[in-house]
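Report on the following structure.
The values are calculated or read from the model by the stated rules, or taken from the named source; none is laboratory data. Quick caveat: nothing in here was measured; it's all calculated off a predicted structure. So basically every Cβ, Gly included, is an ideal-geometry build from the backbone, and we count neighbours across all protein chains shown.
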Amino acid sequence: MRDFVCPNCGQQLAFENSVCLSCRSALGFSVRERALVVIGDPPSDEAVDHAAGVVDGDRFRLCDNLHVAQCNWIVDGATDGPALCLSCRLTRTRPNDADKAGLAAFADAEKAKRRLIFELVELGLPITSRDEDPAFGLAFDLLSSRDKGVLTGHINGVVTLDLAEADDPHREQLRIEMAEPYRTLLGHFRHETGHYYFSVLVADDAALHRFKELFGDPYADYQAALDRHYSQGAPRGWKRDYVSSYATMHAAEDWAETFAHYLHIRDTLDTAASFGLAPAGATLDRPQVGRAGFDKIIELWLPLAWSLNMVNRSMGRDDLYPFVLPERVLEKMRFVHDLCTSSTASAPEILTTA
């Protein structure tokens with residue numbers, strides 16, 4: 001994630017800001033500009049140059065989900081009907097307005113989802129909505145499990161998230177019960193979206209053949225694999241070949257876990273580089289293609305992850321990245337990288353005012 005500043009006064013800001021904490025300018029996030037922009041005229045008492053980073057307030061405005069989803073992305077003001085940004089348009093279902101607890105969790109989930117969507121844009125991965133492809137386009141059902149059970153998962157492009165995952169004690173309890181070293185909303189989104197990108201990226205016979213060599217049969221009986229995993233657990237010695245114990249369950253889960261970790265690494269490196277904690281070449285806007293490109297990513301990542309883990313330990317916290325990346329996992333991740341960069345090279349530019 002990049003380092004953001006107010007284009008009016010230069011105040012350092014977070015990705016989620018909709019008002020400058022210093023000059024009080026109204027701000028919105030523009031995917032096109034990859035930056036926070038001032039909406040309309042900045043405060044008149046600011047004796048600064050306002051030309052750069054100011055967006056026409058009549059044409060652009062904040063997403064209609066500013067309040068319900070705490071969304072600070074901008075949309076074209078000329079849009080007919082509800083004016084929703086790129087990220088919010090992908091949400092198909094949310095809690096109803098009477099479900100206050102569900103709406104609070106929904107806002108937390110949307111906050112994590114915007115980080116996912118922006119990273120996908122930065123990586124140049126195609127984002128095909130349900131409107132564009134009603135059968136297999138990407139969509140999100142963010143559902144409250146207060147009254148009925150919700151199973152977090154993915155099917156045919158639809159990512160479903162149990163909004164109970166936004167509750168820290170609940171999520172931590174599940175993490176402990178399932179012996180997971182890591183469990184976050186953003187992690188869920190990255191994993192489940194990985195399932196969606198299997199059908200997008202593993203798109204020809206050559207890619208499928210290589211997938212099977214690395215991960216196994218993606219079409220093997222999923223229920224049988226699920227039953228086996230929860231009755232027998234991960235196989236002995238799994239850490240030599242898998243990034244997590246859950247990845248051992250089925251080839252599809254191994255892919256999704258590997259894809260999620262690839263996104264973890266790329267975004268964390270991008271953030272570190274933005275703050276001078278990693279070389280400039282680590283940023284997402286610096287293409288890292290081919291075998292040498294992936295090698296460079298890992299060369300930058302391993303010492304950064306180690307140092308961040310040591311910083312966490314100095315604060316009395318668990319490791320920030322409590323995972324090991326053996327050679328087999330790196331080969332799987334290299335495959336993900338190659339498919340992502342190939343897709344980026346062939347995909348049309350994502351043009352959006354959001």
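You will find that of D204, D217, D221, the residue that is over 20 Å from H261 (Cα atoms) and at pLDDT below 95 is D204 and no other. Per the conditions (1) within 21 Å of I117 (Cβ to Cβ); (2) of a type in the set (D, E, K, R); (3) buried (at least 18 other Cβ atoms within 10 Å of the Cβ), the sole criterion not satisfied by D285 is (3). Just one of (1) on the phi > 0 side of the Ramachandran plot; (2) in contact (Cβ under 8 Å) with a residue 40 or more places away in the chain fails for G216. It is (2). Checked against the criterion of being crowded, with 19+ Cβ neighbours inside 10 Å and in a helix (DSSP H, G or I), the candidates A247, A292, A278 yield just one match: A247. In region 276-305, the residues that are of a type in the set (D, E, K, R) form Cβ pairs under 8 Å with partners that are surrounded by 13 or more Cβ atoms within 10 Å (Cβ to Cβ) and modelled with pLDDT under 90, at six or more places apart or across chains, as follows: K296/G281; K296/Q288. The set of residues from region 175-188 being buried (at least 16 other Cβ atoms within 10 Å of the Cβ), more than 14 Å from Y262 (Cβ to Cβ) and in contact with a Leu (Cβ under 7 Å, 6 or more places away or on another chain) comprises just one member, H188. Within region 188-198, is there a residue that is at pLDDT 95 or above and under 15 Å from G102 (Cβ atoms)? Scanning region 188-198, I find no residue that is at pLDDT 95 or above and under 15 Å from G102 (Cβ atoms), so the answer is no.
Does region 220-232 include one or more residues that are within 23 Å of L304 (Cα to Cα) and in contact (Cβ under 8 Å) with a residue 24 or more places away in the chain? So far as region 220-232 goes, no, none of its residues is within 23 Å of L304 (Cα to Cα) and in contact (Cβ under 8 Å) with a residue 24 or more places away in the chain.
From the list T271, T248, pick out the single residue that is of a type in the set (V, I, T) and in contact with a helix residue (DSSP H, G or I) (Cβ under 8 Å, 6 or more places away or on another chain).
T248
Which ones in region 312-325 are loosely packed, with under 12 Cβ neighbours inside 10 Å and assigned to a helix (DSSP H, G or I)? Within region 312-325, just S314 meets the criteria.
Against the conditions (1) in a loop (DSSP other than H, G, I, E, B); (2) touching a helix residue (DSSP H, G or I) at 6+ places or on another chain (Cβ under 7 Å), F259 satisfies every one except (1).
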